[in-house]
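The values are calculated or read from the model by the stated rules, or taken from the named source; none is laboratory data. Source: prediction; values computed, not measured. Neighbour counts are summed over all protein chains in view; Cβ atoms, including those assigned to glycine, are modelled from backbone coordinates with ideal geometry. Side chains are part of the model used for accessible areas, which takes the heavy atoms of the whole protein and leaves out ligands, DNA and RNA. Shrake-Rupley method; radii C 1.70, N 1.55, O 1.52, S 1.80 Å.
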Amino acid sequence: MSATATTATRAPSGRRGLTTLVRTEGRLFLRDPGGVFFALAFPAVLLLGMGHAIPGMRTEVEGVPGLEGVTLIHLWGPVVLATAIATVSLTTLPATVAGYREQGIFRRLSTTPMRPKSVLVSHVAVSGAALAVAVVLALVGGMATLGIPLPESPLLVLAAFLLATLALFAIGLVVGGLAPKASTASGIGMLLYFPLLFFAGLWLPISQMPDTLATVATFTPLGAASEAMTTAWFSGDLPWRELAVLAAWSVVGYPVAAKVFRWA
C-alpha cells in the first residue's frame, strides 16, 4: 500500500485528516527530483536561459506605442508564467490522479473515514503550492537579472493568472479522469502541453503570428492567458475578451471533469 493510502487510513476524517493528506502529498512530491525540477525550476530556467543565452533578447522593442523601454525578453515574462501553469496542470496533476486510480488507492480509501475526494483535493493543493513557488522563482529571477518591470495593473495580471490556473487545472482533471493509467495520462498531457505552449507564444509571439493563427491562439486557454497577462502587464488595459475565454474554459471544464472522473 502506498504512503498516501496508509496515511489516509490512519488519519481521522475532517480538517485534520485533510491537513495530514496535504503534508503526505507534499512529501511524495518532493521525493521525485525530476518532477520537482520540472514543476518548480523549469519556468525560471527557461526565462533566464532565453534572456541570457539568446542573442538580441535584451534589445528594446521599437515602434510599438506603450512599450518604450521594454526589451524583447520582458515580453516573454507573461508567456513563461503561462508555461508554469501548463507544466503543473498538464504533466504532474493528470498523471498523479490517473496513477492513484490505477493503483487502487481511491478504491481502498472508499472503505476508510477519509474519502477519496480528499486525496484529489490534497493533490490539487500541492499542485497549487508548487505553481506558486515556480512563479515566485521565475519573477524574482527575471526582475533581478533581466530587469523585468512591475506590472502596470497587478490585480488584472493576478486575475488572469488565477483564471488561467482554474482553466488548465480543469483540463488536467479531465485528462486524469479519462486516462486508464498514469503513463497514458502523461502521454496525453504532453500531447496537449507543447501545442498549447506554441499558442501561448513561447516560440513565436502571438502578435507576430498570421491573423488567423493569432485569432485561434487567443481562444486557447494558454494563448488567452498569455495575451491577458501581457496586456495587463504592459498597458494596464482590461483584456476582457481573453478573461472571458478563460472563464468559459473553466465553466465548461469542471462539469466535464466531474462527469468523466472515475474513482476506480
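General observations
- Simple spin-label estimate for ARG31 and GLN103 in nanometres, 7 Å along Cα-Cβ: 0.7 nm
- When the alpha carbon gyration tensor of the chain is reduced to an equivalent ellipsoid, the three semi-axes, largest first, read 36, 19, 16 Å.
- Computed from backbone phi with θ = phi - 60° and the Karplus coefficients 6.51, -1.76 and 1.60, the 3J(HN,Hα) list for the range 160-176 is 5, 5, 5, 5, 5, 5, 4, 5, 6, 4, 4, 5, x, 5, 4, 4, x Hz; x is used for glycine and proline.
- Whole-Hz Karplus values for the range 99-107 come out as x, 5, 5, 4, 7, x, 5, 4, 5 Hz, taken residue by residue from phi with 6.51 cos²θ - 1.76 cosθ + 1.60 and θ = phi - 60°; glycine and proline positions read x.
- For TRP263, solvent-accessible area (1.4 Å; no DNA, RNA or ligand), Å²: 90 Å²
- Extending 7 Å from the Cα toward the beta-carbon at both ALA247 and TRP203 defines two label points whose distance is 3.3 nm.
- Mean Cα-pair separation over length for the chain, i.e. relative contact order, pairs under 8 Å, 6 or more apart, %: 25 percent
- Computed over protein heavy atoms with a 1.4 angstrom probe, the accessible surface ordering of VAL126, VAL251, largest first, is VAL251, VAL126.
- With contacts taken as Cα pairs under 8 Å and at least 6 residues apart, the range 113-263 reaches a relative contact order of 33 percent.
- Value of relative contact order over the range 34-106, rounded to a whole percent, pairs C-alpha under 8 Å and six or more apart: 31 percent
- For THR71, the residues 5 or more places off, or on other chains, whose built amide H falls under 5 Å of its own are VAL61.
- Dipole of the chain, positive end: most advanced residue of VAL216, SER118, GLY34 [Cβ charges, Cα centre]: SER118
- Estimated vicinal HN-Hα couplings, Hz - the range 189-200 in sequence order (Karplus 6.51, -1.76, 1.60; Gly, Pro = x): x, 5, 5, 7, 4, 6, x, 5, 5, 4, 5, 6
- Inter-label distance for LYS259 and LEU155, nm, one decimal - labels placed 7 Å from Cα along Cα-to-Cβ: 3.6 nm
- Förster radius 45 Å - calculated FRET efficiency between LEU191 and LEU67, Cβ distance, rounded to 0.05: 0.85
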